[in-house]
Amino acid sequence: MGFTIEDALVQTGEQYQLKLLAGQAGCSNTISWVHMIEDTTIIQQLWGKELAVTTGLGFQTHDALMHFIQRLIRYHSVGLIINTGKYIMDIPQDIIDYCEEQEFPLLTTPWKIHMADLIKDFSMRCLSSEREDRQISKYFKEILTNPKTIEESRNQLKDAFDVDGFFQVILIDIENSDQFDMIERRRLAFQLELYFEKVDSPYSFFWHDGYFAMIINNMSVEELENLVESMYKRAKKRMSHNAIHIGIGTRMENLRNMILSYKRALAAVHMASQFQYPMVFFEEMGIYQILFSVEDQQVLKDMYYRLLEPLMIYDQKHHGELEQTLYHYLSYDGNQQLMAKQLYMHRNTINYRLSKIRDLLGCDLSTAEEKLPYMLAFYIQKMIQKNKSAKF
């Protein structure tokens, strides 16, 4: 969450005589730090989310000021405060319009205001907010690691979050991010947070157990879907060298149930990574909701091999296709006529193979109860084959 331009206007607007000219829609963006900038060279060194402050010494012409603002937007600055009255007297209307169009907060403060005081004040507020955010992240991590701490953490979080409201967890898997050092991971976290636009709801963003985790409070389903899709598109475009997979847990009411959203987000991100999907919502996983929620995944592997091993051994010895025949039999709900038509296979061949399958499995496959375990086995097979090297 952190210290925002909106906070700056409310808390210090009168003190520093701040005037917002454009970009109201971007005022909820968090400020990571404050930089005095009089030359565009330094801009490419910024991490993002910085608030720029200038006297306008290096940007006294219209074109120089426009180029400056365009560079700030390109490098993800959260806004600009211009100390007017000496080098810049008035802001051209087309520049104001451009900032409004880009939702880039543009503010002014009069020359009599000491910018050193403003920068020091804002920087201290950023540091204080960063400490608070770290502490909030710590409480959430404690809940995820040890749910028994939830009541203690609940009391600590209630001033910043609606603990009786709705919580939803998003997990982001960045390829090889578990091998990055703390600095590289922090850089990635900064980049990812930049891609989450217009987050007005309370949230916490942190690294936990191999994933970047985002816990959002009281955001509607539609808003969250738009947020995640926008974030993925922007991140994919700018981080094309890293594969990105996102898992979205169920929206749960009350902080006490937040752990369930986390576990479901974990199942969703496992499926996204393993099947190489960009993002997966837990609600849309179908039967995989159950399969990816099983903590002991070896149980699923054992089930798969136990059920289908007789067919696998037979096929290997005789170059047969019994395993595939069973799969098609179950997929077509036992309709042999439809199987023959769709697979261009003679009915006698199908009957022969099914007879052999029943003998090897010791099962008639005549009821839904008999078919279900084998259908699940093929779902598990798909999980294994999609990515044998994944977290399975």
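Where a number appears in this text, it was derived from the coordinates with a stated rule and is not lab data. Just so we're clear, the structure is a prediction, and the values are computed from it rather than from any experiment. Positions of Cβ are backbone-derived with ideal geometry, glycine not excepted, and every protein chain shown enters the neighbour counts.
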Chain lengthening between residue 365 and residue 12 when straightened (0.36 nm per residue, less Cα-Cα): 119.7 nm
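Determine the calculated [θ] at 222 nm for the chain from helices alone, applying -39500 (n - 2.57) to every DSSP H run no shorter than 4 residues and normalising by the residue count; nearest 500 deg cm²/dmol.
The per-residue figure over the chain is -16000 deg cm²/dmol.
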Spread of Cα-to-Cα distances over 20 Å intervals beginning at zero, given as percent, for the chain: 23, 41, 23, 11, 2
Cross-link partners of residue 233 among lysines (Cα-Cα below 18 Å; sequence separation of 8 or more within a chain): 198
Residue 356 versus residue 293: modelled label distance in nm, points set 7 Å from Cα along the beta carbon direction: 3.9
Segment residue 158-residue 330, length gained on full extension (0.36 nm per residue, minus Cα span): 56.8 nm
GluC sites (Glu not before Pro) lying in DSSP loop within segment 255-335, provided at most 13 other Cβ fall within 10 Å: 295
Interatomic Cα distance distribution for segment 151-260, bins of 5 angstrom, percent: 2, 11, 23, 23, 18, 14, 7, 2, 0
Rounded D (µm²/s) - segment 297-386, Kirkwood Rh over Cα pairs, Stokes-Einstein at 4 °C, 1.567 mPa s: 96
GNM top mover of 125, 154, 74 - the chain, alpha-carbon springs below 10 Å: 74
Candidate lysines for bridging to residue 386, where Cα separation is under 18 Å - those fewer than 8 sequence places away on the same chain excluded: 301
Net dipole in debye of the chain [+1 Lys, Arg Cβ; -1 Asp, Glu Cβ; about Cα centre; nearest 20]: 1220
Top positive-direction residue, dipole computed over segment 94-172 with Cβ charges, set 149, 95, 110: 149
Residue 260-residue 200 FRET efficiency (beta carbon distance; Förster radius 35 Å; 0.05 resolution): 0.90
Anchor residue 19: aspartates and glutamates whose Cα lies under 16 Å away (excluding residues fewer than 8 positions away in-chain): 6, 7, 90, 97, 100, 103
Sorted by Cβ neighbour density within 10 Å, fewest at the top, the residues 270, 346: 346, 270
GNM result for the chain, Cα springs below 10 Å: residue of 262, 327, 232 fluctuating most strongly: 327
FRET E, pair residue 343, residue 385, Förster distance 22 Å, beta-carbon r, rounded to 0.05: 0.60
Amide proton proximity set for residue 166, modelled H, under 5 Å, gap of 5+: 218, 254
Cβ-based charge dipole, the chain, positive-most Cα from 160, 171, 300: 300
